[in-house]
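Below is one structure; the comments refer to it alone.
The values are calculated or read from the model by the stated rules, or taken from the named source; none is laboratory data. None of the values given here were measured: they were computed from a predicted structure. Every residue, glycine as well, gets a Cβ built from its backbone with ideal geometry; the counts of neighbours run over all protein chains shown.
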Amino acid sequence: MGQRMFVAVVPPDDVVEHLDEFLAPRRDAAEFRWAPVEQLHLTLAFLASVPDRRLDDLIERVRAAAARRTPFATRIAGGGAFPDVARARVLYADLALDGDARSSLARLAAGARTAAATSGVEIDGQRFRPHVTVARLGRPTEVSNWVRLLDAYVGPTFTVDQVSLVASHLGEGPRRRPRYEVVETFPLG
């Protein structure tokens, strides 16, 4: 059994703080498990179990994949829910991506997934859907009002110029939530 990890874009502090300030006065209106501000991120590849013997190879391959991509601008804007607004389990903030940024992000995610697979690490097979999880719901819930609220949100523009390999330690954070630890950060370009 290896460690639970993910490759992610971690937005700058001012960007996640802006989103946090938008959500803060509204959080008491719902009994959701709100993501702490320091855990807001965009997952590119989820790796449920990274064996220790594969970690060095994974790091080198993610570094190489990041180096092949050029930085691009985006912003957190809008929102949605998985699997849908009528029976949501996850409430998320979306990203404003023009065509170039959308394809850059898709290539970045594909590179992270390929890096993991070629280093012998199993990846979550789900289709890449760019999003920043803001809350998890204990049971399927109708959240159309929350999605409308998030649709009104537009955060500051930031440049995606690095990706991070993050270890997720289940149950080690406050209230038995995961604790995230950035293992390494890789520059783009």
| query | Is one or more of the residues making up the stretch 48-65 at pLDDT below 95, of a type in the set (A, V, I, L, M, F, W, C) and part of a strand (DSSP E or B)? | reply | yes
| task | May I ask you to list the residues in the stretch 40-78 that are among the polar types (S, T, N, Q) and buried (at least 18 other Cβ atoms within 10 Å of the Cβ)? | result | T43, T74
| request: Within the stretch 134-148, track down each residue that is assigned to a helix (DSSP H, G or I) and either charged (D, E, K, R) or touching a Pro at 6+ places or on another chain (Cβ under 9 Å) (or both). | output: R148
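Rundown of residues vs (1) farther than 16 Å from G79 by Cα; (2) in a loop (DSSP other than H, G, I, E, B), yes/no style:
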residue: M1; (1), (2): yes, yes
residue: R4; (1), (2): yes, no
residue: A8; (1), (2): yes, no
residue: V16; (1), (2): no, no
residue: L19; (1), (2): no, no
residue: F22; (1), (2): no, no
residue: R26; (1), (2): no, no
residue: E31; (1), (2): yes, yes
residue: E38; (1), (2): yes, no
| query | So is A110 part of a helix (DSSP H, G or I), touching a residue at least 12 places away in the same chain (Cβ under 8 Å) and under 17 Å from the mean Cα position of the chain (by Cα) or not? | reply | yes
| request: Can you give me the number of residues within the stretch 144-166 that are within 15 Å of the chain's Cα centre (by Cα) and buried (at least 18 other Cβ atoms within 10 Å of the Cβ)? | output: 5
| remark: The residue that is nearest to the chain's Cα centre (by Cα), considering only those in the stretch 124-143 that are of a type outside the set (D, E, K, R), surrounded by 12 or more Cβ atoms within 10 Å (Cβ to Cβ) and over 16 Å from L108 (Cβ atoms), is T133
| said: Can you tell me which residue is surrounded by the fewest Cβ atoms within 10 Å (Cβ to Cβ) among those in the stretch 93-107 that are out of contact with any Pro (no Cβ under 9 Å at 6 or more places or on another chain) and outside any helix (DSSP H, G or I)? | reply: D98
| message | If I ask for residues that are touching an Asp or Glu at 6+ places or on another chain (Cβ under 9 Å) and either modelled with pLDDT of 95 or more or assigned to a strand (DSSP E or B) (or both), which ones from the stretch 154-180 would you list? | response | P156, F158, S164, L165, V166, A167, S168, H169, R179, Y180
| Just a yes or no: is a residue in the stretch 112-122 under 21 Å from L40 (Cα atoms), surrounded by fewer than 19 Cβ atoms within 10 Å (Cβ to Cβ) and of a type in the set (A, V, I, L, M)? | no
| query | What are the pairs, 6+ residues apart or on separate chains, where a residue within the stretch 79-92 that is assigned to a strand (DSSP E or B) and surrounded by fewer than 22 Cβ atoms within 10 Å (Cβ to Cβ) has its Cβ under 7 Å from a residue that is polar (S, T, N, Q) and modelled with pLDDT of 95 or more? | reply | V90/T133
| Near pairs, Cβ below 7 angstrom, 6+ apart or cross-chain, from the stretch 19-40 (among the charged types (D, E, K, R)) to any residue that is surrounded by 14 or more Cβ atoms within 10 Å (Cβ to Cβ) and part of a helix (DSSP H, G or I) | D20/V37; R26/L149
| message | Can you list residue pairs whose Cβ atoms sit under 6 Å apart, with the first residue in the stretch 163-183 being within 22 Å of A67 (Cα to Cα) and the second being part of a helix (DSSP H, G or I)? Count only pairs 6 or more apart in sequence or on different chains. | response | V163/A66; L165/V62
